[in-house]
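The values are calculated or read from the model by the stated rules, or taken from the named source; none is laboratory data. What you are looking at is a predicted structure, and each value in this text was computed from that prediction instead of being measured. Note that each Cβ is placed from the backbone with ideal geometry, even for glycine, and that neighbours are counted across all protein chains shown. Protein only, heavy atoms only, side chains kept; ligands, DNA and RNA dropped before computing areas. Shrake-Rupley method; radii C 1.70, N 1.55, O 1.52, S 1.80 Å.
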Amino acid sequence: MYLEHLELVDYRNYAELRLELEPGAYILAGDNAQGKSNICEAIRLLATMRSFRAGSERELIRWGAPNGFTRVRALVRQAAGPLKMEIVISAPPMLGEYDGVGYLDQLTPPAASGMHKKIRVNDAPRRALDCVGLVTVVLFEPTDLDLVSGTPQGRRHFMDVTLCQISRGYCRALSQYQKILTQRAALLRRIRDNLDEPGSLHYWDEQLAQQAVPIIVERSSLITRCLPTADEFARQLGGKSLTLEYQPSFAIPVDQSVPAARFALMERLAALRKREIIQGVNLIGPHRDDLAFFEGPVNLGIFGSRGQQRTAALALKIAELAAIETETGDQPILVLDDVLSELDPTRQAALTHRIRTVSQVFLTSADPETMPPDFHMWATRLQVRRGTIQPI
Ligand SMILES: Nc1ncnc2c1ncn2[C@@H]1O[C@H](COP(=O)(O)OP(=O)(O)O)[C@@H](O)[C@H]1O
Ligand SMILES: [Mg+2]
């Protein structure tokens, strides 16, 4: 798929931007603080309905915007046909009801911020949670290079953002699961403080197991599917064989039925009950999962060199792209925000070679001259300056 038209009104430092785009690669060149990451954020918003960098959606509204709202409009050409999308985020006061929001880019629901988000797809109003993954975007930014050495939360986030774009069911289960975790933790603490009965946990155990099982199954299947591509790309980068290992806090054997898995998880929760009450926290479930990377027997997260860790992270991102394409039948839009300059020439060359077949790619750089020379031959260069974008 590709973006044919993108329009921003009062989005971050863009007062008004209209871009007509084609398939292919775009280099967004510009000095620091000109709006390169802001445009990446807006493109990603079309896929996840949430910002990957804002703590509060209020941050997205341009400072001093006269009407107190920001609007992102896009026309996306997909294999299945054109898709018109409009996202309007406004600060109170404004009439209208608050739409349900998928808690995608955070593991906990945002505090009630009073922000309003209105989404229209092909001119019809839709709920945010139903729009996640209509457009698919793979974003790669410098912090993703630390995926292997970073926190488990970052790796869970990778799995969640990928799967939410592939599967509406996953996105719903995840959103429900987050809410259940919050409620259940509160209940555990109430029981600990003798304000509630341990018996009331049974209902929440059932709820937790119901949402947790599909999350675990889908994560496991995603990692299995990512493995061949990740391994192949790691080898192209000069690494040895790369293995990915999904490490769920509660494992489900591949041949186990969903009801049996749910039952097993509930039994496990029953066994952990005392400890959970004492600690007042949810001790098992997808929120405690992890993902490990191995080169042969070597766990790269612990023993890998920085170079090996970066190769593995890069390979996983390429695998994400392939996995989304296979599952949805359409290539995601690829956004590389400031990553190329972080890579050595070999990795740069391998990456730029690999992404040539992607239908649309945006790469930002403060120093585009350092990009592989042949890349300039087939990429269109645009200049980002103080919230404007001009062809060069
Ligand atoms: N809501 C906002 N209104 C106006 N300007 C903003 C807003 N949020 C961020 N900015 C400005 O956007 C600029 C950062 O843009 P960014 O896209 O991150 O830069 P870069 O080109 O380095 O990636 C900063 O100058 C920042 O002050
Ligand atoms: Mg930036």
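Observations on the model:
- Entry remark, region 4-33: residues being in contact with a His (Cβ under 9 Å, 6 or more places away or on another chain) and part of a strand (DSSP E or B) number 4 in total.
- Close pairs (9 angstrom Cβ cut-off, 6 or more residues apart or separate chains): within 16 Å of ligand 1 (Cβ to nearest atom) in region 352-365, among the polar types (S, T, N, Q) anywhere: 363/352; 364/37; 365/341
- Test: residue in region 36-50 that is away from ligand 2 (no atom under 16 Å from the Cβ), open to solvent by 10 Å² or more (accessible area, probe 1.4 Å) and touching a Lys or Arg at 6+ places or on another chain (Cβ under 7 Å): no
- Within region 331-347, being open to solvent by 20 Å² or more (accessible area, probe 1.4 Å) and either more than 23 Å from residue 238 (Cα to Cα) or more than 16 Å from ligand 1 (Cβ to nearest atom) (or both) holds for 331, 344, 345, 346, 347.
- Among the residues of region 52-75, those that are within 18 Å of residue 335 (Cα to Cα) and of a type in the set (Gly, Ala, Ser) comprise 54, 74.
- Filter result for residue 21 (over 23 Å from the mean Cα position of the chain (by Cα) and more than 13 Å from ligand 1 (Cβ to nearest atom)): yes
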